[in-house]
Amino acid sequence: MTTLLLIALIGFLMYAFPVIPFVLLHIVKMVLYMLYMCKDMFTYIKGRKWKIYANYGIYIYGGLYGGGKSLSISKYCTEIYKKYDNVKFISNIDLHNVPYEKFEYFEQLMDDQDYDGQCIIYVIDEIGSLMNARNYKNNRIGETQFLYTLNQIRKQNKTLLLASQRFGMCDKNFRQCAVQWIECSKTWRVVSQTIYDPYDLECSLNPKLVKPIKRKKYFLATDKMFKAYDTRQLVKDFKDKFNKDEFNPIIVEPLNNSLDGDLSQARRLTHKGKRRKGF
């Protein structure tokens, strides 16, 4: 009789509280889950993963003239350089606070060299002019090798920070692969950033009706931020006649914590020098 009452009680509890049979049936999976969680936490701490940049993808900064696009990108690069150990910058604009390789050839974007875990951050200002959507036949973005790079950007540890005045000016391949469209607007020194899902903008007939995926972010532009890049620099088109065997990139060092002066420190490094400096 006691056994029957005990069985009935257990049956009632399992019926009244479904979590009990779930736990009993999945206790082994839960133990494995806890072990995996401990293992991942140990690996994270041992490998100092908080110092490793892993925010891969394409991010497009948009806005009209003087809206703070280049300013926002320069600020972001400075923050990333100070926070993470595994970043290398390749830029077509002068960055005064971070070491970077000058972006001179389109082929640099398709570089498949293994940089030993480094994340390559490409800064491309005026992407709407360099790779315009209306010039898709000649802007080389449709090349098979480039599409291969674009679609496997995470596997190659690459991040693209692009600046364009309008969403539609970017080539469609960029728009459809982008992670975020960051709309920038600047009033005096106050810069606002509104973040949208590029896919929503791509599919919308009226972009003004698209809701942002994140609230507006604001920051106050200081004198140091303005001096961290050349706001009046004219962006040039990519050079032709690229020879991979003879290519020796120009590496520009930071201006020794001084944001004044010119960029005459640009120099060409040998392959041995690049390895020694981590480039």
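The values are calculated or read from the model by the stated rules, or taken from the named source; none is laboratory data. Keep in mind the model is a prediction, meaning the values are calculated, not measured. Don't worry about glycine lacking a Cβ; one is built from the backbone with ideal geometry, like all the others, and counts go over all protein chains shown.
Can you name every one of the strands (runs of 3 or more DSSP E) wholly within segment 1-111 that holds 3 or more residues which are of a type outside the set (Ser, Thr, Tyr)?
Details: elements: 57-62, 87-91, 100-102.
Strands (runs of 3 or more DSSP E) meeting the threshold: 57-62, 87-91.
Quickly run through segment 23-82 and pick out the residues that are of a type in the set (D, E, K, R) and free of Cβ contacts under 8 Å to residues at least 40 places away in the same chain.
Taking segment 23-82 as the starting set, the residues that turn out to be of a type in the set (D, E, K, R) are 29, 39-40, 46, 48-49, 51, 69, 75, 79, 82.
Of everything in segment 23-82, those that are of a type in the set (D, E, K, R) and free of Cβ contacts under 8 Å to residues at least 40 places away in the same chain turn out to be LYS29, LYS39, ASP40, LYS46, ARG48, LYS49, LYS51, GLU79, LYS82.
Would you check if there is a residue in segment 188-209 being aliphatic (A, V, I, L, M), in contact with a His (Cβ under 6 Å, 6 or more places away or on another chain) and surrounded by 13 or more Cβ atoms within 10 Å (Cβ to Cβ)? First the steps, then the outcome.
Start the filter on segment 188-209 by keeping residues that are aliphatic (A, V, I, L, M), which leaves 190-191, 195, 201, 205, 209.
If we keep only those that are in contact with a His (Cβ under 6 Å, 6 or more places away or on another chain) as well, we get none.
No: segment 188-209 contains no residue that is aliphatic (A, V, I, L, M), in contact with a His (Cβ under 6 Å, 6 or more places away or on another chain) and surrounded by 13 or more Cβ atoms within 10 Å (Cβ to Cβ).
Return only the number of the condition from (1) part of a loop (DSSP other than H, G, I, E, B); (2) in contact with a helix residue (DSSP H, G or I) (Cβ under 6 Å, 6 or more places away or on another chain) that LEU201 does not satisfy.
Condition not satisfied by LEU201: (1).
Please go through (1) within 19 Å of LYS227 (Cα to Cα); (2) at pLDDT 90 or above; (3) not aromatic (Phe, Trp, Tyr) for MET37 and return the number of the only condition it doesn't satisfy.
Among (1) within 19 Å of LYS227 (Cα to Cα); (2) at pLDDT 90 or above; (3) not aromatic (Phe, Trp, Tyr), MET37 violates only (1).
Determine which single condition TYR218 fails, assuming it passes every other condition in (1) surrounded by 12 or more Cβ atoms within 10 Å (Cβ to Cβ); (2) modelled with pLDDT of 90 or more.
(1)
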